[in-house]
Structures are given as C-alpha cells and as structure tokens.
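Presented below is the structure to which this report refers.
The values are calculated or read from the model by the stated rules, or taken from the named source; none is laboratory data. Just so you know, these numbers come straight off a predicted model, no measurement behind them. As a convention, Cβ positions derive from the backbone with ideal geometry for all residues, glycine included, and neighbour counts pool all protein chains shown. With ligands, DNA and RNA removed, areas are computed over all heavy atoms of the protein, side chains included. Shrake-Rupley method; radii C 1.70, N 1.55, O 1.52, S 1.80 Å.
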Amino acid sequence: MTDDLHAAVAAGVMPSEERFAELLRSIVEVARAIFHARGSSIFLYDEETDELVFAAVASSEEQSLLGLRIPSSTGIAGWVLSSRTPLVIDDLQNDARFARDVAERTGYVPQGLMAVPLLHDERALGVLQVLDRPSNSRFSLEEMELLGLFATQAAAALDLLAAAKRARAALEGRGDVAAVARVAAALDGLDEEKRSAGLALLRELERVLS
C-alpha cells in the first residue's frame with residue numbers, strides 16, 4: 001500500500017496540465033519581452049507520433065496555433081530537435097532548412113530566429129524559438145546562454161508534466177488510491193499553511209497504513 005500511496009500523492013500534488021501550460025506561456029512571453037522579439041514559441045516533441053506540437057505561444061492572437069502538429073524533422077525546429085544544437089539565423093529566406101510552407105500556415109513568416117532545444121537527462125523534449133529580434137540587435141553568447149536558461153526551465157516543467165501523467169495513468173481503475181489522489185489534488189489550491197497541514201495528514205495516513 002505504501003507504493004500506491006506515494007503514487008497517489010504524487011499524482012495529486014503535481015500541478016495540472018493547465019498550470020503547466022500557463023508556465024510555458026509565461027516563459028515564451030518573458031523571452032519575447034527580454035529579446036524585444038516579434039514572437040516566441042515552444043514546440044513539444046510527441047514521441048508516439050514523432051511530431052512537434054505547438055505547446056505555447058507568446059501572442060494572444062496566436063493562441064489558435066496551440067496543438068498544431070508538424071513532422072519532427074520539419075524546418076528549423078526539427079533541425080534543432082534532432083541535432084540538439086542551438087541555432088541563430090538572421091536570414092531565414094536563404095536557409096534551406098527553413099520550412100516556409102509551415103510558417104505560412106501559422107499566418108506569420110519570420111525573417112530570422114534564435115532556437116534552442118529543450119533537453120532533460122539527455123532527452124530532447126522540444127524546442128524554444130524567439131522570432132525576429134530588432135534589426136539593429138547583435139547576437140552574443142550571453143544572449144544564447146540566457147535563452148538556454150529559459151529552455152532549461154521549460155524542459156524541467158515538461159519533465160514534471162510527464163511524471164504527473166505517468167502517475168495518474170498508473171492510478172486508473174484504482175478507486176481507493178485514486179480517492180487519495182483527489183484529496184492531494186485539492187490540497188494544491190489551499191494556502192501554504194493549510195496545504196502543509198494536509199500533506200502532514202497524508203504522511204500520517206501512510207504511516208498508519210504501512
């Protein structure tokens with residue numbers, strides 16, 4: 001029962017997919033603002049379908065792009081994902097890797113971009129892009145390092161989301177343990193004092209049942 005309780009609490013206290021979506025959007029919004037860019041986006045790699053999926057975009061007008069899928073080998077994002085290498089391009093129109101048809105589907109064709117892979121434990125989880133910085137801006141290693149920090153934060157969030165999904169999937173069909181998960185999930189919406197008390201109660205429950 002102890003292992004089941006651990007899984008239940010893990011599934012319950014980890015933030016929901018909606019919370020993670022909010023975090024990813026905050027990352028692209030801040031990245032766009034810091035680099036004074038026209039746009040920013042995060043692609044998530046779907047291993048089952050071998051596709052890249054729009055997971056976050058900075059602009060409110062572009063939220064309809066969420067969920068849009070492209071083959072994982074497509075365009076600059078596909079190259080960055082497969083090579084696991086950051087990339088800066090100031091003239092996309094003359095780069096053979098640029099998928100103009102995909103850009104046209106999104107309603108915006110950029111002139112240049114910066115892109116970094118989202119890496120966690122040697123796994124490529126996706127790609128973070130920043131589109132069209134000001135024409136007078138100059139690329140620097142410090143800028144790429146800063147974008148890499150955003151990518152690290154996004155990769156950590158995506159890894160936690162995957163862990164939450166696995167924990168919740170393991171509880172399907174387990175009504176008794178799933179009830180504990182629901183209690184743990186309810187704790188996430190409480191203030192810090194009540195949340196700490198609730199978690200202490202769950203730990204005591206685990207001690208009694210073990």
- Note on the structure: Residue pairs within 9 Å by beta carbon, gap of at least six or interchain, first lying in the range 138-157 and within 18 Å of VAL57 (Cα to Cα) and open to solvent by less than 40 Å² (accessible area, probe 1.4 Å), second modelled with pLDDT of 85 or more and basic (Lys, Arg), listed first then second, are ALA155/ARG123
- Message: Which count do you get for residues in the range 70-97 that are open to solvent by less than 20 Å² (accessible area, probe 1.4 Å) and either over 19 Å from ALA37 (Cα atoms) or small (Gly, Ala, Ser) (or both)?
- Response: 7
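Name the residue that is modelled with the highest pLDDT, counting only residues in the range 27-65 that are among the small types (Gly, Ala, Ser) and surrounded by fewer than 14 Cβ atoms within 10 Å (Cβ to Cβ).
Here is the first cut: in the range 27-65, the ones among the small types (Gly, Ala, Ser) are 31, 33, 37, 39-41, 55-56, 58-60, 64.
When the remaining residues are screened for being surrounded by fewer than 14 Cβ atoms within 10 Å (Cβ to Cβ), the result is 33, 60, 64.
Numbers: ALA33: 91, SER60: 79, SER64: 88.
In this case the residue turns out to be ALA33.
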